[in-house]
1. Residues of the range 4-31 being open to solvent by 100 Å² or more (accessible area, probe 1.4 Å) and either touching a strand residue (DSSP E or B) at 6+ places or on another chain (Cβ under 8 Å) or assigned to a loop (DSSP other than H, G, I, E, B) (or both), which ones?
2. Going through the range 1-50 one residue at a time, which ones are of a type in the set (K, R) and at pLDDT 95 or above?
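The values are calculated or read from the model by the stated rules, or taken from the named source; none is laboratory data. Since this is a predicted model, take the numbers as computed values, not measurements. In this analysis, Cβ positions are derived from the backbone assuming ideal geometry, glycine residues included, and neighbour counts consider all displayed protein chains. Areas reflect the complete protein model, heavy atoms only, side chains present, ligands, DNA and RNA absent. Shrake-Rupley method; radii C 1.70, N 1.55, O 1.52, S 1.80 Å.
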Amino acid sequence: MAKKSALQKIESHEKLCRIMQKQTFEQIKEMQERIKRLEYWIVGGMGAVLITLLTDIAWIFHGTSLFQS
């Protein structure tokens, strides 16, 4: 078996680097999509907490003279 020339070694290494770079970019894209979904859940959760707090505040004031007729 003949030894690889320096040029062949470099080309082989560059090919491997391109494959790994492609995989890395695919993983980054997947992570970005997952983070975006998590952000939607967090914003939705914050909205639910806010609605709950506002409802509780309304019930508290409902028992006081501010809302009584």
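1. Matches in the range 4-31: K4 only.
2. K15, R18, K22, K29, R34, K36, R37, listed by residue number.
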